[in-house]
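Chemist: My questions all concern the structure below.
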Amino acid sequence: MSSKEQIAAFIKTEFPQARVVIESVGDKSAIVAQEIGESDLRPGGTVSGPTLMAVADVALYVAVLGEIGIVPLAVTTSLTINFLRRPEAGRRIIGECKLMKVGKTLAIGEVSLYSEGREEPVAHVVGTYAIPPAHLR
């Protein structure tokens, strides 16, 4: 298992373009947040789908690394998103991940995405991560 600080340092080094902040990690879960800027918006002033997908993917990755340790070659193999309601452009996007299964080769989780301060989710995501064999770690 890896701590919030270890995962944050790894992401800062390996994914310097990531703007997601890790709020918490542990117990097969993670919470992340991302400030929303002008480049995250689509026409009409709503948060873009790619931004929402990126937050969800990072939430899954953080939760997986929290369980299996820092494994750089763990990769997304599936990501399905259902957009539920319009995210608010002036609020951070919060991703709350719960891992449903962590096996030897796959981890499956779900992420609820929220506009900060709102109770209703803006999107629901299910994703799978492939975990490389021990000799590739």
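Quick note: the coordinates plus some simple rules give every number you see, no bench work behind them. Keep in mind it's a predicted model, so treat the numbers as computed, not measured. Quick reminder, even Gly has a Cβ in these numbers, built from the backbone with ideal geometry, and neighbours come from all protein chains shown.
Chemist: Using the Karplus curve 6.51 cos²θ - 1.76 cosθ + 1.60 with θ = phi - 60°, what ³J(HN,Hα) values do you get for each residue of region 62-70, in whole Hz, with x for Gly and Pro?
Modeler: Couplings: 4, 4, 5, 4, x, 8, 9, x, 6 Hz.
Chemist: Amide H of residue 131 versus every other amide H placed in the peptide plane: which residues, excluding those fewer than 5 positions away on the same chain, fall under 5 Å?
Modeler: 106, 107
Chemist: Using θ = phi - 60° and the Karplus relation 6.51 cos²θ - 1.76 cosθ + 1.60, list the HN-Hα couplings for region 73-84 in order, rounded to whole Hz, with x at every Gly or Pro.
Modeler: Coupling constants for region 73-84: 8, 5, 9, 5, 10, 7, 8, 10, 10, 10, 7, 9 Hz.
Chemist: Can you work out the Karplus-derived ³J(HN,Hα) for every residue in region 3-13? Use 6.51 cos²θ - 1.76 cosθ + 1.60 with θ = phi - 60°, whole Hz, and x for glycine or proline.
Modeler: So the J values, rounded to whole Hz, are 7, 4, 5, 5, 5, 4, 5, 4, 5, 4, 6.
Chemist: Over what distance in Å are the Cα centres of region 34-52 and region 62-104 separated?
Modeler: First find each Cα centre; the distance between them is then 18 Å.
Chemist: Can you list the residues, at least 5 places off or on another chain, whose amide H is less than 5 Å from the amide H of residue 84, using H built in the peptide plane?
Modeler: 123, 124
Chemist: Which of the lysines could be linked to residue 104 by a straight reach, that is with a Cα gap under 17 Å, when you skip same-chain ones fewer than 8 residues away?
Modeler: Filter leaves 28.
Chemist: Another one. How about region 1-103: which GluC sites (Glu not before Pro) there lie in a loop by DSSP and see at most 16 other Cβ atoms within 10 Å?
Modeler: Working: sites: 5, 14, 23, 35, 38, 67, 88, 96; in loops: 35, 88.
When the GluC sites (Glu not before Pro) of region 1-103 are filtered for loop state and at most 16 Cβ neighbours within 10 Å, 35 remain.
Chemist: Evaluate the charge dipole of the chain about its Cα centre and quote only its size in Debye, nearest 20, assuming +1 on the Cβ of each Lys and Arg and -1 on the Cβ of each Asp and Glu. Spell out each step's value before the answer.
Modeler: Working: 14 positive and 15 negative charges, 57 e Å.
It works out to roughly 280 debye.
Chemist: For each of 48, 112, count neighbouring Cβ atoms within 10 Å of the residue's Cβ, then give the residues from fewest to most. Let's see the in-between values first.
Modeler: Values: 48 15, 112 18.
With the sparsest Cβ surroundings first, the list reads 48, 112.
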